[in-house]
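Following: one structure in structure tokens, then a few remarks.
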Amino acid sequence: MMAGAVQGLLKRIMPQLVILAAALLLNFIVFPDFFHVDFRNGRLFGNIIDVLNRGAPTALLCIGMTLVIATRGIDLSVGAVMAIAGATAASLVVDGHGWFTALIGALATGAICGFWNGILVAVLRIQPIVATLVLMVAGRGVAQLITEGTILTFLNPGLIRLGAGTILGIPTAIVIWICLGAFVAFAVRRTALGMLIESIGINEASSRLAGINSRVLLVCVYLVSGLCAALAGVIVAADIKGADANNAGLWLELDAILAVVIGGNSLLGGRFSIVASLIGALIIQSVNSVILLSGMPPEFNLVIKAILILGILVIQSPKVSYIWYMLRASGPQPQPDRKTPRPHRATEEKTQ
Amino acid sequence: MNIKTTLLAGAVAFAPVAGFAADLTIGFSQIGSESGWRAAETTVTKQQAEERGIDLKFADAQQKQENQIKAIRSFIAQGVDGILIAPVVATGWDEVLEEAKDADIPVVLMDRTVDAPDDLYLTAVTSDLVHEGNVAGQWLVDEVAGADCRVVELQGTTGSSPAIDRKTGFEQALEGHDNLEIVRSQTGDFTRSQGKVVMESFLKAEGGENICALYAHNDDMAVGAIQAIKEAGLKPGEDIKIVSIDAVPDAHLAIANGEMNATIELTPNMAGPALDAMEAYLADGTMPPKWIQTESKLYTAEDDNKAVYEMKKDLGY
């Protein structure tokens with residue numbers, strides 16, 4: 001049973017793993033010491049560690065984003081929620097509270113933001129892209145109100161450890177996103193939760209008729225997204241020992257959505273894989289790393305990124321994979337009909 | 001025109017009764033509050049006006065030119081004695097500046113200039129971005145005193161004029177000094193977190209011990225980079241010399257703590273010279289030069305950075 005699950009998962013994430021390997025190889029070509037890791041100043045030190053560490057905010061965001069997108073929704077507000085949560089945590093420690101209170105406070109703010117989005121989408125039935133746009137635009141203003149327009153710096157060692165500290169030599173941010181990712185992936189796949197979320201994304205009306213409380217589930221999904229964003233916001237603030245309301249998480253919602261798409265999840269909802277999204281986040285960070293290590297003038301940054309991402313998406317497109325399939329199979333074979341379920345689909349569904 | 005004439009007549013009539021300086025009413029159209037420096041500029045402008053007994057009418061344009069144009073029209077309608085503008089963009093000002101000129105209201109540009117005939121405004125008070133980069137480069141040239149030095153550069157947002165000009169100025173200062181070489185240059189988007197991320201990659205790509213100095217186009221990126229250098233087990237300010245531009249309070253604090261070496265001030269006090277020029281012009285028609293350059297003061301460890309920090313921290317940075 002377990003071996004079958006691992007095999008199914010591997011089959012699902014194989015394209016992402018191949019692309020990640022290619023992106024890392026590109027890093028290696030540009031900078032031969034890329035995989036070199038040593039232990040310096042009490043922490044693991046190396047480019048590959050940077051990829052894992054700097055990918056943390058996007059990785060955290062895409063955990064929640066994957067769930068939201070699986071319900072055929074989208075959450076544009078995550079970047080702004082990061083700024084709000086970072087500002088909340090910073091202002092709490094500046095006021096003399098402990099780091100744990102600050103963390104709880106920030107997570108609570110994130111939960112409130114997510115709850116707000118959830119109510120707009122699930123109860124008031126506003127289109128998700130519009131509903132979350134409200135908070136995306138207004139949220140940064142809220143964050144600026146909390147910090148009073150300045151970069152709120154703090155020196156609380158407990159809070160700083162969440163972003164810039166280490167656990168057994170591994171940067172804390174890496175530990176946090178891997179643990180949370182594993183926990184959520186496990187929670188949705190070892191219970192019926194994942195299947196219920198998928199069913200809402202595929203056909204909400206019939207899921208409701210089948211007895212699923214789609215309203216509560218939708219609110220919960222946005223709430224989880226808010227919580228993930230809040231955690232990412234705290235890490236980003238802790239990393240620079242200050243809450244920068246203008247820039248924290250700016251445009252990161254787009255990276256998170258991109259990570260979900262690179263992870264092979266459909267923006268139209270339905271089947272999803274959190275593990276694949278997380279690998280998508282690492283692919284994006286590897287691309288960023290190539291740009292930084294290449295030493296090219298910054299004018300080329302966005303062009304290089306666009307070309308690489310376009311390449312990745314083209315490789316993943318159904319037409320291209322069909323051509324691959326045709327090339328590999330000797331002689332002409334009938335195109336698989338995507339409307340009728342393939343025979344192994346039932347097992348896949350259980351195992352991802 | 002009519003309103004202005006009436007008000008002017010009124011002002012002349014009341015002048016002997018109400019004292020002299022207190023009569024001035026100046027309108028100030030600010031871009032918004034997108035950065036800490038901008039907030040400090042607003043605070044300092046209000047302080048300067050209060051010290052001179054000027055009645056300052058403040059309008060926040062929230063990054064929109066149409067709001068600025070509206071504000072200027074309303075200042076003209078109110079018949080103010082002078083207008084200060086921090087223009088959000090360079091183009092599209094001719095018409096409204098013409099209106100101010102017709103109403104005989106002098107306009108002083110602050111912090112940025114505009115693409116309009118220069119007879120439409122009294123003067124422009126700005127810093128010279130190229131000069132700032134030049135001061136930073138010159139400091140580094142003097143500091144290393146002929147020793148070989150591999151420099152890394154954190155640029156501002158790609159394509160923005162501060163990034164282009166501060167880079168140009170720095171490179172000009174380094175010309176002819178072959179011991180100094182810029183080995184890596186990448187954008188940090190003027191933010192702390194990108195400054196830290198990009199510095200991390202510099203430290204790995206070049207090897208921390210092979211980098212002798214960092215030049216950052218603003219202090220925020222330098223502050224981020226300082227943390228990256230510390231995490232790599234090196235001493236910022238000693239192992240890697242750091243010079244950046246802006247002189248925000250946190251940079252003074254870093255210099256006071258020995259983690260940074262120098263910063264060049266982009267003064268938030270643009271209003272001081274602007275109001276000086278305005279008052280002189282209104283008093284006896286003295287024409288100021290068309291461009292007033294603010295001082296780009298260099299702060300190093302020799303200055304009392306603790307005191308400057310205390311003075312600056314409440315300005316709204």
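The values are calculated or read from the model by the stated rules, or taken from the named source; none is laboratory data. Keep in mind the model is a prediction, meaning the values are calculated, not measured. For neighbour counting, all protein chains shown are included, and Cβ atoms are generated from backbone atoms with ideal geometry for every residue, glycine included.
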Q. Are any of the residues in segment B:269-281 touching a Gly at 6+ places or on another chain (Cβ under 9 Å), within 14 Å of chain A (Cβ to nearest Cβ) and crowded, with 24+ Cβ neighbours inside 10 Å?
A. no
Q | segment B:170-222, residues that are in contact with a Cys (Cβ under 8 Å, 6 or more places away or on another chain), within 20 Å of A:PHE31 (Cβ to Cβ) and among the hydrophobic types (A, V, I, L, M, F, W, C) | A | none
**Q.** Residue satisfying condition, being in a helix (DSSP H, G or I), within 14 Å of chain B (Cβ to nearest Cβ), touching a residue at least 24 places away in the same chain (Cβ under 8 Å) and crowded, with 24+ Cβ neighbours inside 10 Å, within set A:GLY86, A:GLY64
**A.** A:GLY86
Q.
Given the condition surrounded by fewer than 21 Cβ atoms within 10 Å (Cβ to Cβ), modelled with pLDDT under 95 and not in a helix (DSSP H, G or I), answer yes or no: does some residue in segment A:132-148 qualify?
A. yes
Q. With (1) crowded, with 24+ Cβ neighbours inside 10 Å; (2) of a type in the set (Gly, Ala, Ser); (3) over 22 Å from A:GLN144 (Cβ atoms) as the list, and A:ALA248 as the residue in question, which single condition is left unmet?
A. (3)
Q | Subset of segment B:79-98 (residues that are exposed (fewer than 14 other Cβ atoms within 10 Å of the Cβ) and over 24 Å from B:ASN269 (Cα atoms)) | A | B:THR91, B:ASP94, B:GLU95, B:GLU98
Q) Is it the case that segment B:161-174 has a residue that's over 20 Å from the mean Cα position of the chain (by Cα), farther than 19 Å from B:ALA205 by Cβ, assigned to a helix (DSSP H, G or I) and of a type in the set (S, T, N, Q)? A) yes
Q.
Out of A:PHE39, A:PHE115, I need the residue that is of a type in the set (A, V, I, L, M, F, W, C), in contact (Cβ under 8 Å) with a residue 12 or more places away in the chain, surrounded by fewer than 24 Cβ atoms within 10 Å (Cβ to Cβ) and part of a helix (DSSP H, G or I). Which one?
A. A:PHE115
(Q) I'd like to check something: does segment B:60-75 contain any residue that is surrounded by 20 or more Cβ atoms within 10 Å (Cβ to Cβ), more than 30 Å from B:SER160 (Cα to Cα) and either polar (S, T, N, Q) or modelled with pLDDT of 95 or more (or both)? (A) yes
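Residues checked against (1) in a loop (DSSP other than H, G, I, E, B); (2) within 14 Å of chain B (Cβ to nearest Cβ); (3) modelled with pLDDT under 95:
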site: A:VAL260; (1), (2), (3): no, no, no
site: A:SER266; (1), (2), (3): yes, no, yes
site: A:GLY269; (1), (2), (3): yes, no, yes
site: A:ALA276; (1), (2), (3): no, no, no
site: A:GLY280; (1), (2), (3): no, no, no
site: A:ILE283; (1), (2), (3): no, no, no
site: A:SER286; (1), (2), (3): no, yes, no
site: A:PHE300; (1), (2), (3): no, yes, yes
site: A:VAL303; (1), (2), (3): no, yes, yes
Q) Which is closer than 23 Å to A:VAL216 by Cα, touching a residue at least 12 places away in the same chain (Cβ under 8 Å) and charged (D, E, K, R), of A:ASP75, A:ASP50, A:ASP33? A) A:ASP75
Q | Matching entry among A:ILE315, A:ILE309 (being touching a Leu at 6+ places or on another chain (Cβ under 9 Å), at pLDDT below 95 and surrounded by fewer than 20 Cβ atoms within 10 Å (Cβ to Cβ)) | A | A:ILE309
